[in-house]
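One structure is given here, and the rest of the page talks about it.
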Amino acid sequence: MITDGLLFEGKDWTFETLQEIHDAVEGVARKELGLNTFPNQIEIITAEQMLDAYSSTGMPLLYRHWSFGKRFVQYEGVYRLGLQSLAYEIVINADPCISYVMEENSAVMQALVIAHAAFGHNHFFKNNYQFRQWTDAAGILDYLAYAKKYIAACEERYGEAEVERLLDAAHALMPQGIDRYPRRRPPSLVEEERRARERMEESERSFNDLWRTVPRPAKSGEKAIDHQRALLRLPQENLIYFFEKSAPKLQPWQREILRIVRLLAQYFYPQQQTKVMNEGCATYCHYRIMNTLHETGRIGPGSFLEFLQSHTNAIRQPTAHDPAYAGINPYALGFDMMCDIARIVTNPTDEDRIWFPEIAGTGDEMAVLRDIWENYRDDSFIAQFLSPHLIRKWRMFHIVDEENAPKLRVGAIHNERGYRDLRRSLAAEYEVGRGAADIQVVEVDLAGSRRLVLHHRVIAGKILEVADAALVLRNIAALWGYDVVLEEVDAVTNEVLKAHMASPET
Amino acid sequence: MRIVDRRLNPSGKSFSNRQRFLRRVKDTVERAVREASRERAIEDLENAQEVVVPVDGAREPLFRHTDGDRRDFILPGNREYVEGDLIDRPEGAGGGGGKKPGFGEGQDDAFKFVLSREEFLNIFLDDLELPDFAKRGIVDTQKLGVRRAGYSMSGAPANLSLGRTMRMSLARRIAMRRPQQNAIENLEREHAAAGEDSAHRLEEALVFALNRRRNIPFLDPVDLRYRRFERFPKPVAQAVMFCLMDVSGSMTEHMKDLAKRFFLLLHVFLTRRYQRVELVFIRHTDEAQEVDEETFFRSAETGGTVVSSALVEMARIVGERFDPANWNIYGAQASDGDNMLSDNARTRHLLEDAILPFCQYFAYLEVAHPNAIEAASLAHFGGSTLWNAYAPLPQTQRNFQMRRVARRDHIYPVFRDLFQRRPESAVEGSR
C-alpha cells in the first residue's frame, strides 16, 4: 500500500476511488488471504442493465429467446413494486473475471462488491476443481458471442419459429444435457499403437494352445446389438449430446444449436454444485478484507457500520419457525462453515480434535480454506466439514415426512446421536443428482421402428410430474423424429413403475 | 484491473426478447387487452396497461420429480423437539413444522406485467387498416413541397448564402496568399522608417504586395454560393376528424358514452396513421354549432333534431379551414336516429353530394338503448328515420359505412368490423 488513510469518505465514488479501493483490496487479498485470481474487469451498469443481465442468466451477451423476455418481465414487475431490490453485483466466470456493479451502490458497497466478487468469487472460479474441469474461462465470452451470432443467422435463414421450437426443446432438456463425468477421449494414434503392442505382448505371454480347443458359444446376434450400443454410446445420460450426435432427422445447423445449449448448460453445472461453497468463500473473503481495511484505517467507522449492515442482511438465516423461512441461505451456511473451519484450525476444542484430526490446530487457516475451496463441492464439503459445534449453533434438526405416516417425525436433533445423521442428510440435500431427474437413453430400435427408449431411475418413489413430463417428451419426440417411450424404473427393484409415450407431430 | 463504464451502452437490450415473449403469449395478451378496453375509462386507454398472463402461455416444461414416499428436511432453529417426536402436519405451507416450499416457485400462478403504450396500441389496433381508398389519401403525391438541398454555384441573388460565400472567399484568399491589410500597413510603416540601404528592398516588397492584392480580388465569382432548394412530393400527413353528434333531449348519457367511445377509438386509430390529427366537434339539435370537447360531451340541449344543420356546418368549416387538398377528412356521426321527417331527403343529398366527395371516410353510428335490438341491417324491419334515410348510401358510396350499437362492449367489435383489413383477413380465414 502506497498511501494510508481513508480510501473514501461519504457515499460518493469516482473511477479513481474504485481503482484505489481495488488496489487496497488486492493488497489484503494477496498478502493476508493468499488468493490467486484472474485479472479483474469491473463494469459499471445501471439498474435496467442489471435487470437485463438477470434475465439472461447473468450473462452479458446471450442469444435471443422468449424465455429471457419472460424473466425480464417477471423481475421488472417485482422490482417495480419494490418487493425486492436488485443484487449489488453479478460476477461472470471468465478470464478476465467480469464483475458488474451497479452505479447506485455507495462507495463502501463498491468496496464490498469488489472484495466479494472480484476477489472471493474470482478466486473460487479460478481454483475450484469443478470449474477447472468443466469451464473454459478464457473462451466463454467469445463463445457466447459466436453463439449469439450463429443463432441469429439461423433465425434469418430458417425462420424464427423454427429456431424457437428447437431452442424450446433444448431448454427443456438442459438439466439432462450435462456430462457428469468427463467423456472418454478417442485414444490418440500413439496411444492406440501402445495398446495394440501391449495386447500382443500379453497374448504372446499367456499363449496357450488349449484355448483353441474350447468350444465357443455362438452369439453373433447379441454382438451386433452390443456393437450398435457402443456406437451410439448407450446408455447415455446426456440427452442433448445424444440427440446432437445421433438423432437421424436433424439438420447440421440444428445439431450446432443443440451443442450451444448443451455447452451452456455444462458451463453452469459447476455453479449449481458449489452454491454454498462459492458464496461462503466470497462472503468469508469480503468479511476478512473489509475488517482488515477497517483495522488499518482505510475505511471509516461510519462506512464500516454500513458494510456490517449489508453483510448481516446477506447472511441472515431465519429459523424454521419464522414465517420468513425459505430454505437454508447458502450465504449464511457457507460463511458460518468457513468461519467455523477457521476457528477449528486456529483454536480447536477437544471435540474438534476428535472430529477433524487433520486440520484441528494446524494454525494456518487460509492454507486449509484454500485447499478446501480447491478440492470440494457442496455435498462433499458439508459431509466433510460440518462440525458438531456449528450444528449446535444452528440448532439443526431433521424432519422425516413419510407419505403414509400420519405425522411428521423428528429424525435427529443437534445432540451426540444426531450429528452424523444431520451432517449426512444435509450433505445429501446438496447432492448433484438430487435436483435433476436421472434420465438415460437405454435403447434404440435401429433395425425396425427407430423407437427410442428412455429410462428414468426412480429413487424413493419420486416419479416424474405427469403433465410436465408429457410436454418434455413431446419435445424429445420432435428432436428424435420417431416414437419415444419413457419408462420409470425403480432404482432398487428395477421394476417399471410407469411409462410415458410420445410420437412426433407430423 | 480495468474499469469499464457500461452505463452509456444502448439500453433496451432485452427488447427483442420481450417482443418474442409477447408474441408467444399473444393470444392471452390480446384477450387481456380486449377486456381492458372494455372495462377501463376512456382516458386510460392510451396509458400503459397492466396485463395478467396465465402461466400456461409461457410454460417452460422440465422433468420434475414428485415428492415421492419420503422427504427429508434439515432445518435450523430447533426449539423443543427431541429425537423421535411426532409432529402434526402443518396446515398450509407456513406452518410451524417448517414445510419447505416445493419446486417451481413462481411457476404456479399467473404473473402480471405492464405493456408499454406502444405495445398496447399495437395489439389493440392490430390488423386494423384504413380502407384502401382512404389510404391513397396519405401518400397522394399531388402536392409538392420544397426543401433545402445543399448549396449551388448559381442561383437567384435572394438565395445568396453570405456565410458560405465568405467562407469560400476566405479559403481562396488564404490559399493564394493574398496579403492582408495589416501586413501592407506594416510594410508601409517599415518603409517610411527605413534607412537608405533597405528602402529599395522594402519598396519592391510593398509594390509586389499591392499588386498581388489588386490581382487577387477579395470576392471572386467562384466564391459565390447559393442556397439550393428542391421540390419533393409531399404526403398529406395531417387529418381532421369531425365528430358530429345529436345532443337533443332524446340522447341519453348512455348513448353519449357509446358515441364518445367510438370517437375515441377512431381518434386513437387515426393518430397512429397520421402525423397530426385535428378534432372538430359539432353538436346539433335543430341547429348546429362547433364546440369544444368538454361542452360536446357534457352539456345537454333541448330542441328538435335537424341533422342537415350539422352537415351544413361541417361543409362550412371544411370550406373555411380544411382544404381537402391539404387535409384528410374523416367524419363520424353519432345519433339516436331521430330526425325531422322533412329533413331526411335534404340530409341525404347533402351527405352524398357535399360531404362524401371530400371525405376519406364517413361513419354513421346509431346508438341505442342497452336493451334495444342490435342488428347490422335494420332495414328489414324498419329502422329509425335517419337509418332509413342513409340505408341506400353504403351500396353506392365506398367511403360511407353505418352501424348500430346498443351495448358498450359492442363498440370495439363494431369498430374492428369497420376497419378490418379485408383482403388479408380473408387469407387468414382460409388458413
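The values are calculated or read from the model by the stated rules, or taken from the named source; none is laboratory data. Here the structure is a predicted model, which means the values were calculated and not measured. Neighbour counts run over all protein chains shown; Cβ positions are idealised from the backbone, glycine included. Each accessible area value is taken on the protein alone, full model and side chains, heavy atoms only, with ligands, DNA and RNA left out. Shrake-Rupley method; radii C 1.70, N 1.55, O 1.52, S 1.80 Å.
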Express the accessible area of the protein assembly as shown per residue in Å², computed with a 1.4 Å probe while the remaining protein chains stay in the model. 50
Estimated vicinal HN-Hα couplings, Hz - region A:351-361 in sequence order (Karplus 6.51, -1.76, 1.60; Gly, Pro = x): 4, 4, 5, 6, 7, 10, x, 6, 10, 4, x
Taking N as the number of residues in region A:412-468, the ratio of its alpha carbon radius of gyration to 2.2 N^0.38 Å works out to 1.80
Given a cut-off of under 8 Å on Cα pairs at least six residues apart, what relative contact order in percent is computed for chain A? 15
Return, ordered by residue number, the residues of region A:381-409 whose backbone nitrogen is under 19 Å from a label point located 7 Å along Cα→Cβ of residue A:358. A:381-389
Efficiency of FRET from Cβ geometry, residue B:26 and residue A:434, R₀ 35 Å, rounded to 0.05: 0.40
The set of residues whose placed amide H lies less than 5 Å from the amide H of residue B:87, leaving out same-chain residues fewer than 5 positions away, is A:408, A:409, A:410
Normalised by the number of residues in region B:151-229, what is the relative contact order in percent for Cα pairs under 8 Å and 6+ residues apart? 67
Between residue A:291 and residue A:129, how high is the FRET efficiency from 1/(1 + (r/R0)^6) when r is the Cβ-Cβ distance and R₀ = 25 Å? Nearest 0.05. 0.30
Taking a ≥ b ≥ c as the square roots of the eigenvalues of the Cα gyration tensor of region B:151-229, is the shape rounded (a/c under 1.5), prolate (a/b larger than b/c) or oblate? prolate
Partner shielding of A:390-399, as the mean number of partner chain Cβ atoms within 10 Å, equals 5
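Looking at chain A, identify the longest residue range that excludes and avoids all GluC sites (Glu not before Pro) in DSSP loops having at most 16 other Cβ atoms within 10 Å.
Longest site-free region, per DSSP loop and neighbour criteria: A:105-357.
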Calculated FRET efficiency for the pair residue B:9/residue A:200, C-beta based, R₀ 45 Å, to 0.05: 0.10
Just reorder A:352, A:142 by solvent-accessible area, largest first, 1.4 Å probe, all chains present. A:142, A:352
Give me the accessible area of residue B:27, 1.4 Å probe, in Å² rounded to the nearest 10. 110
Inter-probe distance in nm under a simple model that places probes 7 Å from Cα toward Cβ, at residue B:70 and residue B:162: 9.9
What are the principal axis extents of the Cα atoms in region B:202-329, in Å, biggest first? 103, 26, 26
Across A:31/A:275; A:149/B:26; A:11/A:393; A:462/B:26; A:249/B:26; A:498/B:26, pairs whose alpha-carbon gap is larger than 32 Å: A:11/A:393; A:462/B:26; A:498/B:26
Based on alpha-carbon centroids, what's the gap between region A:142-168 and region B:295-371 in Å, whole number please? 55
Amide H contacts of residue B:229 (H built 1.01 Å from N, under 5 Å, at least 5 apart or other chain): B:149
Classify region A:353-506 as rounded, prolate or oblate from the Cα gyration tensor: take a ≥ b ≥ c as the square roots of its eigenvalues, call it rounded if a/c is under 1.5, otherwise prolate when a/b beats b/c and oblate if not. prolate
Label point distance in nm, residue B:144-residue B:396, each placed 7 Å from Cα along Cα→Cβ: 3.8
Mind giving me the nanometre distance, one decimal, between the label points for residue A:490 and residue A:185, set 7 Å out from Cα along Cα→Cβ? 4.4
Whole-number percent relative contact order across region A:437-502, with pairs defined as alpha carbons under 8 Å at least 6 apart: 32
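Just check the protein assembly as shown against the gyration tensor rule for me: Cα atoms, a ≥ b ≥ c as the square roots of the eigenvalues, rounded for a/c under 1.5, and otherwise prolate or oblate depending on whether a/b exceeds b/c. Write down the numbers at each step before the final one.
On the way: a/c = 2.02, a/b = 1.36, b/c = 1.48.
Taking the square roots of the gyration eigenvalues as a ≥ b ≥ c, the protein assembly as shown is oblate.
Can you work out D for chain A in µm² s⁻¹ from Stokes-Einstein, where Rh is the Kirkwood radius over C-alpha pairs, the temperature is 25 °C and the viscosity is 0.890 mPa s?
Values: Rh = 26.4 Å.
Reported coefficient: 93 µm²/s.
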